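For reference, the structure discussed in these notes is given below.
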Amino acid sequence: MSLTIEPFAARDPAEWAAFVDACPEAWLEHRPEYLRQAGSDDASFALRDGGAIVGVCALARVRRRLGAVLTGPGLALAADLALREAALDAAGRELGRLARARDCQAVEFVLPALAPAFAGLSHERSVLGALGFSQGA
């Protein structure tokens, strides 16, 4: 197992799209066409195991009244991922690194409720709960 992180800009958009189309945790906002709209504010990244994408995280830096946040639909992992815990750990570390590097006060994800894997799933049992995200106020 050798998980690596790659920025969205470094990935082949067709490979990214193929992963998103096959991933039950991904939704429209994870697609390359949507991510390109963020331009230089895009902070999305892929998790790779060897040569294959095993997860994607879609997010962008957005200015708010009192600062900036990283926000988006968040992490989508392959359904049969045997190294899910390691992928969650790697993604969590990368989110912290990105927030510090881009001077963001928070990371906000909106669970894509229409993604097949999340239909009827509680927040606590979702990938957001596994990463330690609260439901907010």
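The values are calculated or read from the model by the stated rules, or taken from the named source; none is laboratory data. If you're wondering where the values come from, they're calculated on a predicted model, not measured in any experiment. When we count neighbours, we look across all protein chains shown, and the Cβ atoms used for this are built from the backbone with ideal geometry, even at glycine.
Looking only at the stretch 8-46, which residues are part of a helix (DSSP H, G or I), of a type in the set (D, E, K, R) and out of contact with any Leu (no Cβ under 9 Å at 6 or more places or on another chain)? Matches in the stretch 8-46: E15, D21, E33, R36, D41. In the set A17, A91, only one residue is modelled with pLDDT of 90 or more, hydrophobic (A, V, I, L, M, F, W, C) and closer than 16 Å to F109 by Cβ; that residue is A91.
Among the residues of the stretch 12-62, the one identified as of a type in the set (D, E), within 12 Å of the chain's Cα centre (by Cα) and closer than 19 Å to A101 by Cα is D42. The lone criterion from (1) charged (D, E, K, R); (2) at pLDDT below 90; (3) on the phi > 0 side of the Ramachandran plot left unmet by E108 is number (3).
Only residues that are free of Cβ contacts under 8 Å to residues at least 24 places away in the same chain and part of a loop (DSSP other than H, G, I, E, B) were counted across the stretch 78-111, and they come to 2. The set of residues from the stretch 86-97 being under 12 Å from the mean Cα position of the chain (by Cα) and closer than 19 Å to S40 by Cα comprises E94, L95. The condition of being among the polar types (S, T, N, Q), surrounded by 10 or more Cβ atoms within 10 Å (Cβ to Cβ) and modelled with pLDDT under 65 holds for S126.
Looking at the stretch 35-81 only, could you name the residues that are hydroxyl-bearing (S, T, Y) and touching a Pro at 6+ places or on another chain (Cβ under 9 Å)?
S44
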